[in-house]
Amino acid sequence: MSSDFLTRITESLVDGDPAATVAHTRAALAAGVEPMAIIDQGLVPGMRMVGEKFSSGEYFLPNLIVSASGMKQAMQALEPELRKRQQKLASAGTVVIGTVKGDIHEIGKTLVATMLAAHGFDVHDLGVDVPTERFVAAVRDTGATLVGLSALLTTTMSVQKKVIDALEEAGLRGRVQVMVGGAPVSRAWADEIGADGYAEDAVGAVETAIRLAGAAR
Ligand code: B1M
C-alpha cells in the first residue's frame with residue numbers, strides 16, 4: 001500500500017509532473033507514510049533515475065529543471081511534518097551550510113539542512129553558489145562550530161578545499177569542524193582535503209554532524 005504511493009511519487013518525478021509529485025506526496029502523508037520513507041524511497045530514487053537518463057542522453061537540461069522543481073515542492077510539503085518529528089538533541093549546535101561557489105545544485109544541500117534543523121541544529125543555510133568569503137564571514141558572525149560544504153560537480157569539489165584553506169587563513173579552523181558531501185565526494189576526498197567529516201546522504205550527515213558537534217565541545 002505505502003509502496004504504491006512511493007512508486008507514484010518516483011514515477012511523477014521522472015515524468016516531470018511537479019503537481020502530481022506534490023499531490024502524491026500529500027496523499028502519502030495523509031495515509032500515514034513517514035516523511036523519511038517518502039524522501040528515501042520515493043523522491044531520491046526518482047532524482048537518481050532522472051540523473052541516469054540525463055547521463056545516457058535520453059533527458060536534457062529542461063527535464064532536470066522540471067524534476068528538480070517537483071522534488072523541491074515536495075520537500076516544502078514535507079517540511080512541516082519533518083519539523084513535527086524534531087528531536088531536540090543535547091549535542092545540537094550551530095551549523096553554516098551551503099553549496100560551494102560555481103555550483104547551483106541545491107536539492108541535496110537543502111535536504112541535509114532540513115534534516116539537521118529537524119534534529120535540533122541551528123542551521124544557517126547560505127544557499128547555492130556561495131562565495132568562499134561568505135562561508136568564512138558566516139562562521140565568524142554566527143559562532144558556528146560546524147560548516148557543511150556541498151558540491152555536486154567534479155569541477156567544484158576543489159572549492160571545498162579552498163573554503164577549508166580560507167578558514168585556516170582567517171584563524172577560524174581551530175574552532176570549526178568541516179563536513180563535506182555531494183554526489184562526487186568520497187571519504188578519501190574528504191581525508192585528502194583535511195575535512196573533519198564526510199557523509200554520503202542526509203541521514204549520514206545528521207549522524208556525522210552529531211558526532212562532530214560532540215567533538216567540538
Ligand atoms: Co546537474 N549535474 N548540472 N543539474 N544534476 C549532476 C550533478 C550530474 C551528475 C548529472 C549527470 O551528468 N549525470 C552532472 C555532474 C557531472 C560531474 O561533474 N561529474 C551534472 C551537470 C553536468 C550539470 C551541468 C554542468 C549541466 C549543464 O549545464 N550542461 C549544470 C551545472 C550548473 C552549475 O551548478 N554550475 C547542471 C545543472 C543542473 C540543474 C540546475 C538543471 C539541476 C539542479 C536544480 C536544483 O538543484 N535546483 C540539476 C540536477 C537536478 C542534477 C541531478 C540530475 C540531480 C541532483 C539532485 O538533486 N539529486 C544530478 C545527477 C545525480 O546526482 N545523479 C546532476 C538528488 C539529491 C537528493 O541528491 O544532490 O546527490 P544529491 O544529495 C545527496 C548526497 O549527495 C548528500 O546527501 C544528499 C541527500 O541524500 N549530500 C551531502 C549532498 N550535499 C551534502 C552535504 C553534506 C553531506 C551530504 O555535508 C555538508
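Any read-out appearing in this document is the output of simple, stated calculations on the displayed coordinates, not a laboratory observation. Everything numeric in this text was worked out from a predicted model, so none of it was measured. We place every Cβ from the backbone using ideal geometry, glycine too, and count neighbours over all the protein chains shown.
Tabulated results
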quantity: Helix axis angle, 44-55 relative to the chain longest principal axis, alpha carbon, degrees; calculated: 90 degrees
quantity: Dipole in debye (nearest 20) - the range 1-125, about Cα centre, beta carbon charges: Lys, Arg +1; Asp, Glu -1; calculated: 320 debye
quantity: Cβ-based charge dipole, the chain, positive-most Cα from Val206, Val176, Leu82; calculated: Val176
quantity: Table column - 3J(HN,Hα) (Hz), the range 141-147, Karplus curve with 6.51, -1.76, 1.60, x for Gly and Pro; calculated: 6, 8, x, 4, 9, 9, 10
quantity: Three-way shape label, the range 45-171, alpha-carbon gyration tensor, a/c 1.5; calculated: oblate
quantity: Range of Cα positions in the chain per principal axis (Å), largest first; calculated: 52, 41, 27
quantity: Three-way shape call for the range 74-135 based on the alpha-carbon gyration tensor, with the a/c threshold at 1.5; calculated: oblate
quantity: Unit charges on C-beta of K, R, D, E only; dipole of the range 117-166, Debye; calculated: 160 debye
quantity: Rounded tilt (10° steps) of 61-84 against the dominant C-alpha axis of the chain; calculated: 80 degrees
quantity: ³J(HN,Hα), Karplus 6.51/-1.76/1.60, whole Hz, each residue of the range 117-125, x for Gly, Pro; calculated: 4, 5, 9, x, 7, 8, 9, 10, 8
quantity: Gyration tensor verdict on the range 125-181 (Cα atoms; rounded if a/c is under 1.5, prolate if a/b is larger than b/c, oblate otherwise); calculated: prolate
quantity: The chain, helix-only ellipticity at 222 nm - DSSP H runs n ≥ 4, -39,500 (n - 2.57), divided by all residues, nearest 500; calculated: -17500 deg cm²/dmol
quantity: Cβ charges +1 (Lys, Arg) and -1 (Asp, Glu), total dipole of the chain, debye; calculated: 540 debye
quantity: Using alpha carbons only: equivalent-ellipsoid semi-axes of the range 1-78, gyration tensor based, whole Å; calculated: 21, 12, 9
quantity: Pairwise FRET efficiency - Ala137 versus Arg85, Cβ, R0 = 25 Å, nearest 0.05; calculated: 0.15
quantity: Under 18 Å between alpha carbons - lysine pairs in the range 87-217 that sit 8 or more apart or on different chains; calculated: 4
